[in-house]
Amino acid sequence: MNLRTKPPEPVRCGEASAPHSIARGSRSAFPWASLSLALCLSFACTLSSLAADAPVRVRLGTLVPKGSSYFNHLQAMGEQWRQAAGGAVTLTIYPDGTMGGEADMVRRMRVGQLQAGMLTAVGLSEIEPGVAGLQNLPMAFRSLEEVDYIGEKLQPMLEQRLRDKGFIVLFWGDAGWVYFFSKERLVVPDDLKKMKLFSWAGNTDQVEIAKASGFNPVPLETLDILPNLQTGLINAVPMPPFAALASQVDGPAPHMLDLNWAPLVGATVISKKTWDAIPAAAREQMTKAAHEAGRKIKADSRRESVESVEAMQKRGLKVQKVTPEIEAKWREAAEAVYPKIRGKLVPADIFDEVIKLLKESRATPGQAR
């Protein structure tokens, strides 16, 4: 009996296949083998079909409030993702810090409880410390154009570092400037040294540097800012205006110093494991949707920063204007801390590159101003 046969035809899931004998010329030979093969192929097709039907669920954590423009743009991105993937990808957003602080969100992403996060440089630095160079240099940036310029220069390298550590950057963004909000009038650095200042929980280096510089930092999670302003545990907080408006910080802290202390920079990231599980055909359109969301979020957040101050002024916020003399005092105080920041809060290579690029841009006509 001749047992040589042609190679089996591929079996497409969902399609019926006609039974055939293994050995040509003997229809009844090895009937149980034929049946077993058919059952195995049928089972394999069923599993493959189920896997194809199961959507990739992306759970995204963020501190931004539900209903904010940030949240709405993320929702729109999620709908575009669903359409691009033909329903194979779903995005679920957990706003308002419901998944904890940013360090908590990073831990949840690492263990698979979350697959993505919209994070500031504080949270991103838990993954890649170099991201801190985009934010943790007080008074280093003199305009949002400079923030954009440094971002364009450093973000590709930072994206690769994040990728090497298992995270894909979907888009970068910022919330404009961080300002000081306080219970009492705040004008010069010595005023702030008399206050109890909010500091991000978990950042021990920042706390140590602040203490060594004569300030009184109180480490807290962002969700604890408002209640602790109300109880007096803290009486000053650096914060972007949109966040102050949304959380009603201007109630217990009705003074704002009109000083561009630092930009609040961040990015939305997704775990590489999750990204790689998404059908390759969908990823290009999903990337475009993410970039579009990032552009809209950045534009809206900068506009809303100004609008938020105006809205808070209508309900009693007092804005302390800054003269060139006052700004010079703050710049002197900030730059005095740079040697402590370099190598601790910001890796030395990133710190040096930011300072070098800023000097070059200011010396070159047509560069960022």
Q.
Every residue in region 92-117 that is part of a loop (DSSP other than H, G, I, E, B) and among the charged types (D, E, K, R), please.
A. Asp96
Q: Could you please let me know if Thr323 is of a type in the set (Ser, Thr, Tyr) and over 30 Å from Thr92 (Cα atoms)?
A: yes
Q. So, of the residues in region 183-229 that are part of a helix (DSSP H, G or I) and among the hydroxyl-bearing types (Ser, Thr, Tyr), which turns out to be surrounded by the fewest Cβ atoms within 10 Å (Cβ to Cβ)?
A. Thr204
Q | Tabulated pairs, region 282-296, first in contact (Cβ under 8 Å) with a residue 24 or more places away in the chain and crowded, with 19+ Cβ neighbours inside 10 Å, second among the hydroxyl-bearing types (Ser, Thr, Tyr) and not in a helix (DSSP H, G or I), C-beta under 9 angstrom, 6+ apart or interchain | A | Ala290/Thr268; Ala293/Thr268; Gly294/Thr268
(Q) Checking the structure you have, find out if any residue of region 157-180 is part of a loop (DSSP other than H, G, I, E, B), more than 30 Å from Thr274 (Cβ to Cβ), over 17 Å from the mean Cα position of the chain (by Cα) and not hydroxyl-bearing (Ser, Thr, Tyr). (A) no
Q) From the set of residues in region 114-156 that are touching a helix residue (DSSP H, G or I) at 6+ places or on another chain (Cβ under 7 Å) and of a type in the set (D, E, K, R), which is surrounded by the fewest Cβ atoms within 10 Å (Cβ to Cβ)? A) Lys153
(Q) Return the pair list, or none, for Cβ contacts closer than 6 Å from residues in region 137-154 that are farther than 20 Å from Leu259 by Cβ to residues that are modelled with pLDDT of 95 or more, at least 6 apart or on different chains. (A) Lys153/Leu357
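The values are calculated or read from the model by the stated rules, or taken from the named source; none is laboratory data. Just so we're clear, the structure is a prediction, and the values are computed from it rather than from any experiment. Quick reminder, even Gly has a Cβ in these numbers, built from the backbone with ideal geometry, and neighbours come from all protein chains shown.
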